[in-house]
Amino acid sequence: MTFRSTRFGAQEARPSFAAAAEEHLDAVYRYLLLMTRDDATAQDLTSETFEKALRSWRRFDPRRASARTWLCRIARNAALDHFRGEERRRRREERYAAEPAEAGGPELPAGLSSVLHLALAALSAAEREVIALRVLLELDGDETARLLGISRTACSTRLSRALQKLEEKVGDDVHA
């Protein structure tokens, strides 16, 4: 008696990207949340995962892997890229912090209040960087994303969150 796996012999129907995304969005998010242990990062990486998946959907082959497996592989790669980037950023910040401070510290742009200066200092380097590029240098979203090496969506999300934190910190200091 011969048993044959239906997976190898049968032609799998290729689902639409929308159907696959709807079906597996929560699973991919939960996977990334487990890996990162941070809701905001998991949301960003989930968005990046589905953005990459949409761009490469034509290469998805249901005979090689299920849509869930394929999406989780993209998610894993996005998470690993994120961790590598965070490690590089951490090392860069440590090198910068180890350098002797200039006498009197860096000059603040004219008109920048001490409250705003303290609020900016409380943000992460990535948050300060995206604010500097988008607000101070007035680069558009595509240019900023390219410069940071992230997707336009991730850039927009990072800017939004950074501005929200900045607003909260400035508001807390004004009301204190």
Give me the log10 of I(q) over I(0) for the stretch 124-176 at q = 0.28, 0.29 Å⁻¹, as the Debye formula computes it from C-alpha points; what are the numbers?
-1.04, -1.09
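Please compute the net charge surrounding Asp44, taking Lys and Arg as +1 and Asp and Glu as -1 over other residues with Cβ under 14 Å from its Cβ. Intermediate results must be reported in sequence, preceding the final value.
Values: positive: Arg37, Lys52, Arg152, Arg158, Arg161; negative: Asp38, Asp39, Glu48, Glu51, Asp81, Glu86, Glu127.
Net charge around Asp44: -2.
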How much net charge surrounds Glu127 when only the other residues with a Cβ under 9 Å from the Cβ of Glu127 are counted, with Lys and Arg +1 and Asp and Glu -1?
+3
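Which net charge results when you count Lys and Arg as +1 and Asp and Glu as -1 among the other residues whose beta-carbon is under 13 Å from that of Gly141? Spell out each step's value before the answer.
Details: positive: Arg134, Arg146, Arg152, Arg158; negative: Glu138, Asp140, Asp142, Glu143.
Neighbour charge sum, excluding Gly141 itself: 0.
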Need the full-extension length gain, Asp26 to Ala122, defined as separation in residues times 0.36 nm minus the C-alpha distance. One decimal, nm.
31.3 nm
Report, largest value first, the span of the C-alpha coordinates of the stretch 15-96 along each principal axis, in whole Å.
49, 23, 17
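Read-outs throughout are calculated quantities, based only on the coordinates presented, and are distinct from any laboratory measurement. Quantities reported herein were computed from a predicted structural model and do not represent experimental measurements. Quick reminder, even Gly has a Cβ in these numbers, built from the backbone with ideal geometry, and neighbours come from all protein chains shown.
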